[in-house]
Each structure stands twice: as structure tokens, then as C-alpha cells.
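S.K.: One structure, as C-alpha cells, below. Some questions next.
The values are calculated or read from the model by the stated rules, or taken from the named source; none is laboratory data. Here the structure is a predicted model, which is why all the values come from computation and not from measurement. Please note: Cβ atoms are built from the backbone with ideal geometry, for glycine as well, and neighbour counts cover all protein chains shown. Please note that ligands, DNA and RNA were not included when accessible areas were found on the heavy atoms of the full protein model with its side chains. Shrake-Rupley method; radii C 1.70, N 1.55, O 1.52, S 1.80 Å.
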Amino acid sequence: MAKITTLRLSADETGIATAARLLREGQLVALPTETVYGLGADAANDRAVAAVYEAKGRPSFNPLIVHLAELEAVRALVHWSDRAEMLARAFWPGPLTMVLPLREGAPVSRLVTAGLDSLAVRMPAQPAARALLRAFGGPVAAPSANRSGQISPTRAEHVLAGLDGRIAAVLDDGPCAVGLESTILGLVGKPTLLRPGSIGIGALSKVLGVPVAERRDTEAISAPGQLTSHYAPNARVRLNATEWREGEARLGFGDVECDLNLSPEGDLVEAAANLFEYLHRLDASGAPVIAVSPVPHVGLGVAINDRLSRAAAPRDASAGR
Ligand code: TXA
Ligand code: MG
């Protein structure tokens, strides 16, 4: 990956305007929130979101949290509920992330949700984050702004230590007040704590008037981004296909004839950007098998292959998807 100059922007009017412009251009900007610094990208831009995974060096695609400044904008992306409303009144803006059913056709890259039909949404309280989200005017996908496997950054210096030369800018607003990632609450079925944070399970239960479940131990210990929480196609997936067989849906990579091509030029960022969308489309065609060209196991190719091998893994019919 080519090294770029990472701007260190102050959290004033000029810095925020520059950060918003960079996001609109599809570039990556680290932004301060009250929890930790996030690595922000335009959530509607497939390539920008793919670049987040590349910059972090993540070996797998983990769904990302989308950040917004206005409730109305949140409601346009997810199916809102009375419970979500109660929680938003009590805790937003603030360090709570809610996972809600994604609205059909919501303008969010499939790479943000890693192909799932739920979306994690959060309204941060940090004034600089809110100002940037308003200036940008759309959903911003942001995982913590650290290289994969390193700890979450709570200062601009931490962000630069891991990502200098890999992202367009960091908006520097000093240390984060909370310093711990947001509490994540699943609201797709019964309210379930998916990740503990500074807002405790007791406070959540109190607001909802019902007990919040904790994720079962077996799920809690599984690393983020594992099969049970991930989109799996109905079709069987055949990997490393160097020739096509009758009746297969053909997902190509590079210079091959196929139904959909992840990247005719063999560009891994483009391939990542297209991956979930194309898997969904070929699955919707009803073909029993999706055959996939080999994808080189370097850079983002590692994450792509991880996802493809999960999609190809034999599945227990009773296991949750
Ligand atoms: O405080 C925070 O939440 C920070 C700041 C930047 O907002 N962000 C953060 O993002 O910690 P990240 O990517 O490091 O962690 C996001 C977590 C992951 O464990 C992911 O699996 C979970 O959120 N997540 C995202 N979307 C989800 C979904 N649809 N269903 C279940 N879990 C989801
Ligand atoms: Mg993280």
C-alpha cells in the first residue's frame, strides 16, 4: 500500500471542514469520540469502507458501527422501535451502540454490515465528532482507529502510532473522556448485551423495564467476526475454482469469464468492496453452488479469503446464522 501523508487537523472549524471534505472524497479520517478514536469512512462508499479494513490490516471482515448526529438520520437506516426510542432518550448522544434491523435499501455499503441484515448505530457525544458528522451529512462507518490486534486509541498520538501514512487525516481533539469502547446492545430479538461498556446492563434493564440478556458464554468467547454472527449464503460455495461447472453461479476475480467479477483488474480493494454485494446477488439467483475464482492471499486478500472460507464451511442446519 502506497504511503500517504497523514494530516493532523485541529478540531476547529477549518479542521472539521477539511475532515468532512476528505470523507466526501472517500478518504479515511480518524475522528475523536468520547469512547475511543474511530477510523471513519463514508458508510455508503464501498471502496472507502474496504480501505478501512486495509488500513487496519484486519484479517477478517467484522461488521462496523455507523455513527450519526441526528435521530432522524438513524431512523432512515434501521427499523426503529419503542425500545430503541427509550434507550436513545436515556443514553444518546453517548457511549451506547444499538444493533437494529437494517432497512431494505438503506444507503449503507454491505461491507459495513459484513452482509448481515442488522446494523450497529451510535450517536457519539463528543462535540468534535458531532460537528464532523453534521458537516459530512451522512452515516460514517468507524471501527476503533488502531491496527488490527492493537489496543484502541484514546489520543491522536495513538492513532498516528499505528496508522500514520495509511489514512488521510486524524482530527485531534485531545484525550477521549470515557476511554473504553461503547456498550453494544442487540435489539433484533430480545435485548442482549453484545459488548459491555461504560453503560451497564443494570442501567439498560432499568430504562427498558425488562431484563437485558447477556450473550451466552459460548458466543462471548468466540472472536468477533465469527461464523454464527455472519451472513452465509444459501448456496454452497466452491472455492479456488479454476474452471466452471454446469449450473454454477460464477464469481470471478481477475481476467476470467464469469457472471460477476470481484475485480477484473485484480484489485483487492475493489474486490473487497464488491464481495458481499456480489455474494448476495449470486445467492439470490437461486443457483445451488457459487463457484469463486482463487483470490491471492495477500493484503486484503486474507480477509476476503477468510470470509469466503466461512461461507464455504459445512454448516450445521440448526446453527444460528
Ligand atoms: O466506542 C466504540 O464503539 C468505537 C467508536 C469508534 O465508536 N468503535 C468500535 O468499533 O469499538 P469496533 O469495530 O472496534 O467494534 C465494533 C463491534 C464489533 O465487535 C462488531 O462485531 C460489533 O461492533 N458489531 C457491529 N455491527 C454489528 C452487528 N450488525 N451485529 C452484531 N455486532 C455488530
Ligand atoms: Mg476495535
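S.K.: Within the stretch 107-129, can you find the residues that are among the aliphatic types (A, V, I, L, M) and part of a strand (DSSP E or B)?
M.R.: Step one: filter the stretch 107-129 for residues among the aliphatic types (A, V, I, L, M), giving 108, 111-112, 114, 116, 119-121, 123, 125, 128-129.
Selection gives 119, 120, 121.
S.K.: Here's a follow-up. Any idea which of (1) in a loop (DSSP other than H, G, I, E, B); (2) open to solvent by 20 Å² or more (accessible area, probe 1.4 Å); (3) near ligand 1 (Cβ under 10 Å from one of its atoms) is the one residue 184 doesn't satisfy?
M.R.: (1)
S.K.: Conditions first: (1) modelled with pLDDT under 95; (2) assigned to a loop (DSSP other than H, G, I, E, B); (3) of a type in the set (Val, Ile, Thr); (4) away from ligand 1 (no atom under 14 Å from the Cβ). Residue 210 passes all but one, so which condition is the exception?
M.R.: (1)
S.K.: From 140, 121, 108, grab the single residue that is hydrophobic (A, V, I, L, M, F, W, C) and within 16 Å of ligand 2 (Cβ to nearest atom). Full working, then the answer.
M.R.: Values: 121 fails: within 16 Å of ligand 2 (Cβ to nearest atom); 108 fails: within 16 Å of ligand 2 (Cβ to nearest atom).
Going through 140, 121, 108 in turn, the sole match is 140.
S.K.: Looking at 102, 119, 132, which is the one that is away from ligand 1 (no atom under 11 Å from the Cβ) and not aromatic (Phe, Trp, Tyr)? Outline the logic, then answer.
M.R.: Numbers: 102 fails: away from ligand 1 (no atom under 11 Å from the Cβ); 119 fails: away from ligand 1 (no atom under 11 Å from the Cβ).
The match here is 132.
S.K.: Residue 265 is checked against (1) open to solvent by 70 Å² or more (accessible area, probe 1.4 Å); (2) part of a helix (DSSP H, G or I) and fails just one. What number does that condition carry?
M.R.: Only one criterion in (1) open to solvent by 70 Å² or more (accessible area, probe 1.4 Å); (2) part of a helix (DSSP H, G or I) is unmet by residue 265, namely (2).
S.K.: A further question on this structure: I need the full set of residues from the stretch 3-45 which are within 11 Å of residue 141 (Cα to Cα) and in a helix (DSSP H, G or I), in order please.
M.R.: 23
S.K.: Can you work out which of the residues in the stretch 81-137 that are closer than 18 Å to residue 201 by Cβ and among the charged types (D, E, K, R) is least open to solvent (accessible area, probe 1.4 Å)?
M.R.: 122
S.K.: Now a separate question. Go through (1) within 16 Å of ligand 2 (Cβ to nearest atom); (2) surrounded by fewer than 22 Cβ atoms within 10 Å (Cβ to Cβ); (3) assigned to a loop (DSSP other than H, G, I, E, B) for residue 153 and report which single condition fails.
M.R.: Against the list (1) within 16 Å of ligand 2 (Cβ to nearest atom); (2) surrounded by fewer than 22 Cβ atoms within 10 Å (Cβ to Cβ); (3) assigned to a loop (DSSP other than H, G, I, E, B), residue 153 comes up short only on (2).
Table: residues versus (1) modelled with pLDDT of 95 or more; (2) within 13 Å of ligand 1 (Cβ to nearest atom).
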position	(1), (2)
125	yes, yes
141	yes, yes
168	yes, no
177	no, yes
197	no, yes
203	yes, no
